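Down below is the structure, laid out as structure tokens.
The values are calculated or read from the model by the stated rules, or taken from the named source; none is laboratory data. Computed from a prediction, not measured in an experiment: that's the story for all the values here. Here the Cβ positions follow ideal geometry from the backbone for every residue, glycine too, while neighbour counts run over all protein chains shown. In case anyone asks, the SASA skips ligands and DNA or RNA and just uses the protein heavy atoms, side chains included. Shrake-Rupley method; radii C 1.70, N 1.55, O 1.52, S 1.80 Å.
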Amino acid sequence: MANKKTVVPFQGTPEQEKQLREVIAGLKDTKGALMPIMQQAQDIYGYLPIEVQEIIATELGIPLSEVYGVATFYAQFALNPKGRNKISVCLGTACYVKGSGDVFDRISQRLGIKSGECTPDGKFSLEACRCIGACGLAPVMTINDEVYGRLTVDDVDTILAKYND
Ligand code: FES
């Protein structure tokens, strides 16, 4: 799975594009419009794929590199969609010293994605997080609202299999 292409196909709808163009039309003559447009674009699509960045750049008459630069600079913007199952591995100190880094690496390897990415089938996304206040269960990860504690790398396959429906 490690060599699998991780780019998730863009699946924007005409309705979403119409909404986006309305947002841009409403704000484009306002000073400092780029950030609010990007924020609303992310609300519409759930993330900021390059196709959406291109529309914003074209409509505002600015280079794509400028939009891309803002999208990658601010943590509030996501360049990849979230998966149907959002995996978040705690890399806070208590978890890290108990091996959460290895757990993270195993998941990354099994799914063929890095932090902040989503599998091409949209099933899983992976991210690292800071302490979630469950240090007594370290190392900890969450998948959606489910908390998994006292993990070992050997638990990873069994846990992921539960979500492979
Ligand atoms: S460090 Fe992981 S839950 Fe606190």
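Annotations
- Only helical runs count toward this figure. For the chain, summing -39,500 (n - 2.57) over DSSP H runs of n ≥ 4 and dividing by all residues gives -12500 deg cm²/dmol at 222 nm.
- Size estimate for the chain follows the Kirkwood approach: the inverse of mean 1/r over distinct Cα pairs works out to 17.4 Å.
- Axis angle, to the nearest 10 degrees, between helix 34-45 and the longest C-alpha principal axis of the chain: 60 degrees.
- Between helix 50-60 and the chain there is an angle of about 30 degrees, using the helix long axis and the longest principal axis of the Cα atoms.
- Accessible surface calculations at 1.4 Å, restricted to protein heavy atoms, place the chain at 57 Å² per residue.
- For the chain, the cysteines with no partner cysteine C-beta closer than 4.7 Å are Cys118, Cys129, Cys131, Cys135.
- For the peptides 91-98, 69-76, 134-141, residues were scored by their other Cβ atoms within 10 Å and the scores averaged per peptide; the highest-first order is 134-141, 91-98, 69-76.
- Percent carbon-and-sulfur accessible area, the chain, ignoring ligands, DNA and RNA, probe 1.4 Å: 51
- Counting only the Cα atoms, segment 47-90 fills a convex hull of 72 Å³ per residue.
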